[in-house]
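The block underneath contains the structure these notes are about, expressed in structure tokens.
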Number of protein chains: 2
Amino acid sequence: MAEETNTNRDVRMRGFTGRALVDDALRWVDEQSKTLPGETIAFNVAHGRVLSGGVSSPLDVPSFDRSAMDGYAVRGTETEGASDYNPLGFPIVGESMPGHPFSETMPPGTAVRIMTGAPVPTGADAVIPAEYATETGETVEITSTVSPGKHVGRRGEDVSANSQLFAAGRRLRPQDVGLLASVGVTDVEAVRRPRVRLLITGNELVVPGNKRGEFQIYESNSSVLAALVHRDGAELESLMRVEDDREAISQAMCKPGADVVLVSGGSSVGKEDHAPSILAAEGELAVHGIAMRPSSPTGMGGIRQTLVFLLPGNPVSCLCAYDFFAGRAIRRLGGRSAEWPYPQREVEVGRKIVSAVGRVDYCRVKLNDGRAEPLALSGASILSSTTRADGFVVIPAESEGHAPGTNVAVFLYDSE
Amino acid sequence: MAEETNTNRDVRMRGFTGRALVDDALRWVDEQSKTLPGETIAFNVAHGRVLSGGVSSPLDVPSFDRSAMDGYAVRGTETEGASDYNPLGFPIVGESMPGHPFSETMPPGTAVRIMTGAPVPTGADAVIPAEYATETGETVEITSTVSPGKHVGRRGEDVSANSQLFAAGRRLRPQDVGLLASVGVTDVEAVRRPRVRLLITGNELVVPGNKRGEFQIYESNSSVLAALVHRDGAELESLMRVEDDREAISQAMCKPGADVVLVSGGSSVGKEDHAPSILAAEGELAVHGIAMRPSSPTGMGGIRQTLVFLLPGNPVSCLCAYDFFAGRAIRRLGGRSAEWPYPQREVEVGRKIVSAVGRVDYCRVKLNDGRAEPLALSGASILSSTTRADGFVVIPAESEGHAPGTNVAVFLYDSE
């Protein structure tokens, strides 16, 4: 924490006297956000979910020796010498289809017609692909040699019974779900998705679609936060809109049922900024005021098991505070990587990026000819700065910014 | 196309005599997959969707001059000379709250208490932040000077009325949805999501959770494909499982209602591989057999307006063929970037990656100490090769592979 904190005094209309360091606030987030417990879910809705326990295979895959090609099962040694100039003929004694094997032992000197995935008959040890074989009546002529074992998938070669498929913490890929299916695993234990409540305050706000008075503004933070929460793997527990009324905010903040409450607006030092003192009274206001721009009025704390983030109402501040702190907590609760889901790219600075020593800056940049340039109009209230920008640069507290020609890491808003 | 194609002859149990080049197949995909028409959707479900038309703002944001800080509205020139050693006092004549402005003209020599986002009163032109002000009774003492315009957000500075917010083709970010909300736009025209049918064939297949006979295998491709289709922004029109029966497959393939039909299994030259000849009979089999490994038995074509992809039943081939061709078509239909949604990273080759000239290889690799090594066991049927791998390398047709120490682009399966 910074040398002086704001968590034990009422800062309304007095201003912050000291601000927490971003790194200290991040440390608090990491201490408070431990992976949630697991729940049982069906394998076919498990894509993207994080395993809370390891998964082992109950069976061998394949569970029998199978053909890797369409063609003819043979004894490999019997094909020696076969070529285009010396085709060898084998009587076809039957066929093996997927799910319908050739049930006898294949006699020496014969072949069995076989399809990809079908069981290789007892006696056979190789498959000659259809490309090198011509059927004439009851006989197949082959024009190539195969060594024993060729084009045969051995029992258990993909997965052997009792081996571990995935360790706890694995975020399941599409093919992971397929592997679970292929061993017949129908349920897995996955980290429960965090339940997030959005608590939107502000008497001046109007829900889009409703009539707006001259000095009212359309409420936009809930749409941004809902999308971010969804992106980070959480589910929306509820969306509550309340007046700037102490009792109403307190009730909405304290109501059980959410792992995380995101309060938009009323987080700062204004006369109507009730949220910080409510949080301090009902639970713990651990951080209030952070040495960063935008989002300096951000607060965070907890009420019993629920993490509460006080996000500034200014839309850029709200987005930035979510991404720095609340999103990180949500991803960690859900067992995901704490890191930003933004692709990172090293680029040259095209125009000076200015910051002040002592605070972290979140600077929206545009890429012009592959060089990063800060947006001219980029106040905390200018939401279009985040739609016109290609991404952002984080300037650490100890830096004054980046000079043109130097390299800087840009986090890209779009992942493709 | 390659010198000889397989689209006009029955290749069952004869093998492919020529294979299309990957680039030619990709060209066919691009020719056939044009962006779908738009549909009207609500702004609050628009995150991740692609706009089919541009969106302009019906209003200015802000729609009035507003305060960017909590503090006191003043005339900037009247604050000249204020400092810690020379605090200046201003009588407070009222307050402006968000949604509740100070309705009169502010007299010279006075101040109005103001909150972030509240309208700046007529007469005032700057805001002094609460940090530099102390209220005593009816007066506020300020200890800093502000120039006119400071901490005031001008009407229209974020968005001006009638300006374009987004062009057609924009994939909406969380903050884009917020910008739509902030200008009161409740509906947008977005590219319709492609409707994808999964058609799973194979008599040997058992749905996980059901009883499996000794030579049956659990069906896994539908789970992988459903996850991939969802990832690529499409919706599952239906999941149909049919016997290896010509009539049943034909009916399922031809039934209207899907933009894309993905057929899993029965795409090759085996005796029970009906799908290619059905597609040729009912529509067009444009490509069948591709010079690549795995997935060489892939086919594609169309029946009226529906694109049909014949994906090999082997799970790795199915995944690979989806990613090369079907996923590309689906992303293009949905207006997304055709490119793979896999992050790409340049890494050094740790162990030789072997390929054959004349075919494209999809080689699963593991990163060991940051160096790419091909997986030892990586046949088309070994699904675990795609779960053990960190990503894959594509070796072009003209290359024999990559020697240790050279650099290669790895596509990472995980995006974080």
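Laboratory data are not the source of any read-out in this text; all were calculated from the coordinates shown. Being a predicted model, the structure only gives us computed values, none of them experimental. Positions of Cβ are generated from backbone atoms using ideal geometry, with glycine treated the same way; all protein chains shown enter the neighbour counts.
Structural remarks
- In the stretch A:311-382, GluC sites (Glu not before Pro) in a DSSP loop with at most 13 other beta-carbon atoms within 10 Å: A:Glu339
- Candidates B:Gln175, A:Ala397, A:Ala82 compared by Cα position along the dipole of the protein assembly as shown: farthest toward the positive end lies B:Gln175, with charges placed on Cβ.
- Percentage relative contact order, chain B, counting C-alpha pairs under 8 Å, at least six apart: 16
- About the Cα centre, charge dipole magnitude for the protein assembly as shown (Lys/Arg +1, Asp/Glu -1 at Cβ), debye: 360
- In the stretch A:241-326, the GluC sites (Glu not before Pro) that fall in loop regions by DSSP, at most 15 other Cβ within 10 Å: A:Glu243
- GNM result for chain B, Cα springs below 10 Å: residue of B:Ala275, B:Ala403, B:Ala252 fluctuating most strongly: B:Ala403
- Using R0 = 41 Å, the C-beta based FRET efficiency linking B:His230 and B:Val354 works out to 0.75.
- If the segment from B:Ser147 to B:Asp187 were pulled out straight at 0.36 nm per residue, it would be longer than the present Cα-Cα gap by 10.3 nm.
- Here the stretch B:66-153 carries DSSP beta bridges of which approximately 85% are antiparallel, counting only pairs with both residues inside.
- Counting 0.36 nm for each residue step from A:Arg154 to A:Asn368 and taking away their Cα separation leaves a gain of 71.5 nm.
- In this structure, A:Arg246 and B:Ala409 have a Cβ-Cβ separation that, at R0 = 45 Å, corresponds to a calculated FRET efficiency of about 0.20.
- For the residues B:Ile330, B:Ile200, B:Ile217, a GNM of chain B with alpha-carbon springs under 10 Å puts the largest fluctuation on B:Ile217.
- Over chain B, DSSP H runs of length four or greater, each weighted -39,500 (n - 2.57), average out per residue to a 222 nm ellipticity of -4500 deg cm²/dmol.
- Selection from A:Ser267, A:Leu59, A:Leu36 lying farthest towards where the dipole of chain A points positive, charges on Cβ: A:Ser267
- Less than 5 angstrom separates the built amide H of A:Met240 from those of A:Leu198, A:Leu199, A:Ile200, all sequence-distant by 5 or more or on a different chain.
- Those residues of the stretch A:174-192 whose amide nitrogen sits under 20 Å from the label point placed on A:Glu339, 7 Å along Cα→Cβ: A:174
- Computing FRET efficiency as 1/(1 + (r/R0)^6) for B:Ser103 and A:Asp23, where r is the C-beta to C-beta distance and R0 is 51 Å, gives about 0.65.
- Span-rule helices in chain A, defined as complete DSSP H runs reaching 30 Å or more along the axis (Cα) with Kyte mean at least 1.6: none
- Cα centroid of the stretch A:57-81 to Cα centroid of the stretch A:220-291, whole Å: 62
- Fraction of C-alpha pairs exceeding 20 angstrom in the stretch B:321-416: 38 percent, rounded to a whole number.
- Gaussian network model of chain B, springs between alpha carbon atoms under 10 Å - residue of B:Ser160, B:Ser144, B:Ser385 with greatest fluctuation: B:Ser144
- Looking at the stretch A:21-130, the GluC sites (Glu not before Pro) that sit in a DSSP loop and have at most 16 other Cβ atoms within 10 Å of their own Cβ are A:Glu80, A:Glu104.
- The stretch A:344-412, dipole about Cα centre (Lys/Arg Cβ +1, Asp/Glu Cβ -1), debye to the nearest 20: 200
- Around the Cα centre of the stretch A:167-250, unit charges on the Cβ atoms of Lys, Arg, Asp and Glu (plus for the first two, minus for the last two) sum to a dipole of about 400 debye.
- Using a simple spin-label model with pseudo-atoms 7 Å out from Cα toward Cβ, B:Asp30 and B:Tyr85 lie 7.1 nm apart.
- Three-way shape label, chain B, alpha-carbon gyration tensor, a/c 1.5: prolate
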